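Below: one structure, written as structure tokens.
The values are calculated or read from the model by the stated rules, or taken from the named source; none is laboratory data. Being a predicted model, the structure only gives us computed values, none of them experimental. Methodologically, a virtual Cβ is constructed for each residue, glycine included, from the backbone with ideal geometry; neighbour enumeration extends over all protein chains shown.
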Amino acid sequence: MSQLMRLWIDGTWEDGHKQAPLLAPYGGEELALVGYASPEQAARAVEAADRAFREHCGMPAHRRSSILYQAADLLERRAEEAARIVALEAAKPIRAARAEIARTVQTYLFAAEAARSLTGETVPMDAAPRGEGRTASVRREPVGVVSAITPFNFPFNLVAHKVGPALAAGNAVVLKPAEQTPISALFLAELFEEAGLPSGLLNIVPGDGRELGPTLASHPLVSFVSFTGSPEVGRQIRQLAGLRRTTLELGSNSPLLIDRGFTEEELGRIADETAAGAFAYNGQVCISVQRVFVHEELADRFAAMLAERAKALVAGDPLAEETDITPLISAKAAERLKGWLDAALARGAELLCGGSFEGSLMRPAVLRGVPEDAELSCEEAFGPVAAIAPFRRWEEAVAAANRSRYGLQAGVFTKDVEHALHAAAELQAGGVMINDVPTFRLDHMPYGGRKDSGSGREGVRYAAEEMTEAKLVSFRSGLYRS
């Protein structure tokens, strides 16, 4: 019999208003019966968070830091248990799941450090006429209740990128995890309770996003909404949020530019990194390599190298140590990708390898000649797909990379400093990785997009600052002197 998962509201486990079976993407086993929150229960979670925030808003920074350090330590001690949860509910290969847990520990450690180091600034008032006799400082104060709505693909680490900074800054949180990955989120309730987090500062409400989204985005007591997901839902969240502050991370179809001038050995190393960037966790990564622009002198060789590496990847059980490729998160995702692949091939694209389906498992596909306006090129595939396009002039490659509604991260491999500087200046993305794939991310760096890739920045310190309000305090001296 599968386990029953309940809501975590105000430090208490509570039954959901209905139950939904959680099935493993690999094998279809029922992992749990998950209690789904009703909009009324989500509203009560927000109200509990607001009460807890008001009660504990004076918690000193060292105490917030200590709780986050303790939570990181507890997660590290239970790392293998947490990794197996990710492997089962998200079908993430166990080696990748372990890497995610290791990153999550680091993310909470960064949050613990941020809690102690959030600072304001001194404003030189006498820099302007009439400022004489005044000194001023800017204080950073927590916003209050943060709604955190998270996706399935990094169910521990992307949660940490919202919960960690929010708690570091002194806020309270209501977390709604993805429907496919509630066990990972509810695991945190145990960790933070043991770490000493006061009741109500973290509330976890699994449920249907369409039902809970309006409450979590527009409740009068919510001050900040942090959402990771699709642009379409992101627009709805922003509309519901109104004047509330938001951070929206909405995906990409990340470009990689590969310049001329690389030796065979160097090109092989780039192909290794590209394969990892395109096919890790089946390409279900917001900054997965999708569009690959390669100088025409190297395009054929590089395409063959990438196809060779794609063919060598091992598909199978996510709990098996040798597994690289597992089923996509759902049959719906697989059907969408198959339709996009068939449409691209019908329009003349060449399939160099992969592209076959075994249920929801898709073999990694390398293509050439994908039309620029085909879905596999212009939309976010969120699957194991890499589309290679040759270019002649560097400026053409940069322009082609920019012809996208997305702009999260871009990668560039070049030995030409002028080309590197041109790419850094002209690529329309929140991050430009020179001599790295766009999939490169460290958890303390600023991370976020432009255009339909969203707004605001994650990266622990940057997110913590976004989850605070700046308050100017000015002191005037000499007023009472005779």
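Here are the numbers for this structure:
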| quantity | calculated |
| --- | --- |
| Residue in the range 257-276 that is surrounded by fewer than 24 Cβ atoms within 10 Å (Cβ to Cβ), among the polar types (S, T, N, Q), within 20 Å of the chain's Cα centre (by Cα) and under 20 Å from P364 (Cα atoms) present | no |
| Residue list for the range 442-455, restricted to those being touching a residue at least 24 places away in the same chain (Cβ under 8 Å) and surrounded by fewer than 19 Cβ atoms within 10 Å (Cβ to Cβ) | H444, R450, K451, S455 |
| Options D50, D10; residue that is acidic (D, E), surrounded by 20 or more Cβ atoms within 10 Å (Cβ to Cβ), touching a residue at least 24 places away in the same chain (Cβ under 8 Å) and over 30 Å from A320 (Cα atoms) | D50 |
| Any hit, the range 400-409, residues being at negative phi, part of a loop (DSSP other than H, G, I, E, B) and in contact with a Phe, Trp or Tyr (Cβ under 9 Å, 6 or more places away or on another chain) | yes |
| Helices (runs of 4 or more DSSP H) lying entirely in the range 169-261 (those with 3 or more residues that are of a type outside the set (D, E) and in contact with a Pro (Cβ under 8 Å, 6 or more places away or on another chain)) | 182-195, 209-218 |
| Residue count, the range 28-71 (criterion: within 30 Å of G316 (Cβ to Cβ) and hydrophobic (A, V, I, L, M, F, W, C)) | 4 |
| Selection count where residues are hydroxyl-bearing (S, T, Y) and either under 22 Å from L250 (Cα atoms) or not in a loop (DSSP other than H, G, I, E, B) (or both), scope the range 410-421 | 0 |
| Residue match in the range 333-346 (condition: surrounded by fewer than 20 Cβ atoms within 10 Å (Cβ to Cβ) and not in a helix (DSSP H, G or I)) | no |
| Within the range 308-323, considering residues that are in contact with a Pro (Cβ under 9 Å, 6 or more places away or on another chain) and under 25 Å from I258 (Cα atoms), the one surrounded by the most Cβ atoms within 10 Å (Cβ to Cβ) | A310 |
| Residue under evaluation L201, criteria (1) within 20 Å of the chain's Cα centre (by Cα); (2) crowded, with 24+ Cβ neighbours inside 10 Å; (3) over 21 Å from C286 (Cα atoms), criterion not met | (1) |
| Of all residues making up the range 453-482, the number that are charged (D, E, K, R), part of a strand (DSSP E or B) and over 17 Å from V173 (Cα atoms) | 2 |
| Selection count where residues are surrounded by fewer than 24 Cβ atoms within 10 Å (Cβ to Cβ) and either of a type outside the set (D, E, K, R) or assigned by TED's automatic domain parsing to the domain that holds P231 (or both), scope the range 383-396 | 4 |
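Residue-by-condition table, conditions (1) in a helix (DSSP H, G or I); (2) farther than 27 Å from L250 by Cα:
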| position | (1), (2) |
| --- | --- |
| A82 | yes, no |
| L88 | yes, no |
| K92 | no, no |
| A114 | yes, no |
| R130 | no, yes |
| V138 | no, yes |
